[in-house]
Amino acid sequence: MAEWYEQSFGEDYLLVYKHRDFQGAKHEVHKMISWLGLPAGAKVLDLCCGMGRHAMALEEAGYEVTGVDLSEVLLREARSNDPEQRITWLQADMRNLPLSGGFDAVVNLFTSFGYFEQDAEHIKVLKQVRRMLKPGGQFIIDFLNPEYTKAHLVPESERLDEGQLIKERRIIEDGYVKKRIEIIDQTQAAGSAAEPRHYLERIKLYSQEQFAAMLAEAGLVLEKVHGSYDEDSFDPLTSPRMIMVGAIAE
């Protein structure tokens with residue numbers, strides 16, 4: 001049986017998340033650059049790059065960028081946005097990267113973490129981040145803030161987009177935040193409706209303390225946490241995000 005992340009990041013993902021814009025990515029990248037103090041021409045790995053919004057913004061800002069993702073559909077979209085092939089796009093599992101490292105920075109953005117059931121699998125990812133970084137390199141992991149997510153969870157929502165009714169149901173259960181997505185084609189003639197398409201998204205919730213412990217096990221150290229791309233400080237109760245900046249442990 002395929003894992004949820006092998007099923008969910010396909011054609012329908014492009015529909016469900018098409019509201020994510022390139023302008024917002026540029027703002028976020030400029031903030032990341034200021035936090036990391038990256039020199040011009042630095043090598044950056046966008047781990048779980050998705051459709052490539054941040055990778056493109058990083059390249060435009062003057063960096064040498066590699067984007068890695070498991071989804072061929074999302075990589076196809078990324079390549080279509082990069083007709084000059086300025087970025088190296090690579091399909092791979094984040095737990096086992098076919099790269100030799102040497103990066104000045106590794107970024108893992110918009111909760112592209114917590115996909116697996118076992119902590120050991122997530123530590124494998126962090127060990128890959130450690131392996132990818134050259135001495136003095138830094139990382140950013142942009143994760144949801146568990147306490148804020150629990151307090152502000154929207155249990156149900158639905159919207160119509162391109163004739164597709166998108167229903168989303170969210171729940172906190174067994175230490176995960178889970179989203180069930182149902183997509184119903186409204187363009188079919190009466191009596192010939194297509195079967196609804198169903199997807200699951202599941203993220204394991206980790207506190208800042210739990211993250212710090214996993215990072216330490218992987219040979220990394222957490223140096224700073226931001227609450228959003230507009231906040232410098234992190235508040236465990238009120239910050240929407242938990243954006244962690246760190247480096248190789250000495």
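The values are calculated or read from the model by the stated rules, or taken from the named source; none is laboratory data. All values derive from a computational prediction rather than experimental measurement. No Cβ is skipped: glycine too gets one built from the backbone with ideal geometry, and neighbour counts run over all protein chains shown.
Just a few scattered comments:
- Some residue of the range 27-38 being outside any helix (DSSP H, G or I), at pLDDT 90 or above and out of contact with any helix residue (DSSP H, G or I) (no Cβ under 8 Å at 6 or more places or on another chain): yes
- Count of the range 203-227 residues, restricted to those that are touching a residue at least 12 places away in the same chain (Cβ under 8 Å) and either surrounded by fewer than 18 Cβ atoms within 10 Å (Cβ to Cβ) or in contact with an Asp or Glu (Cβ under 7 Å, 6 or more places away or on another chain) (or both), is 11.
- If the condition is being surrounded by 14 or more Cβ atoms within 10 Å (Cβ to Cβ) and of a type in the set (D, E, K, R), then the range 80-92 contributes only 82.
- Residue check, residue 42 buried (at least 18 other Cβ atoms within 10 Å of the Cβ), at pLDDT 95 or above and farther than 26 Å from residue 121 by Cα: yes
- Residue check, residue 195 under 18 Å from residue 8 (Cα atoms), assigned to a loop (DSSP other than H, G, I, E, B) and without any contact (Cβ under 8 Å) to a residue 12 or more places away in the chain: yes
- Count of residues meeting criterion [closer than 17 Å to residue 142 by Cα and of a type in the set (A, V, I, L, M, F, W, C)] in the range 34-84: 12
- Filtered residues of the range 126-158 (kept if part of a helix (DSSP H, G or I), β-branched (Val, Ile, Thr) and closer than 15 Å to residue 246 by Cα): 129
- Residues of the range 104-122 that turn out to be outside any loop (DSSP other than H, G, I, E, B), closer than 16 Å to residue 207 by Cα and either under 14 Å from the mean Cα position of the chain (by Cα) or among the β-branched types (Val, Ile, Thr) (or both), as a count: 1
- Flag for residue 200 being surrounded by 13 or more Cβ atoms within 10 Å (Cβ to Cβ), part of a strand (DSSP E or B) and among the aliphatic types (A, V, I, L, M): yes
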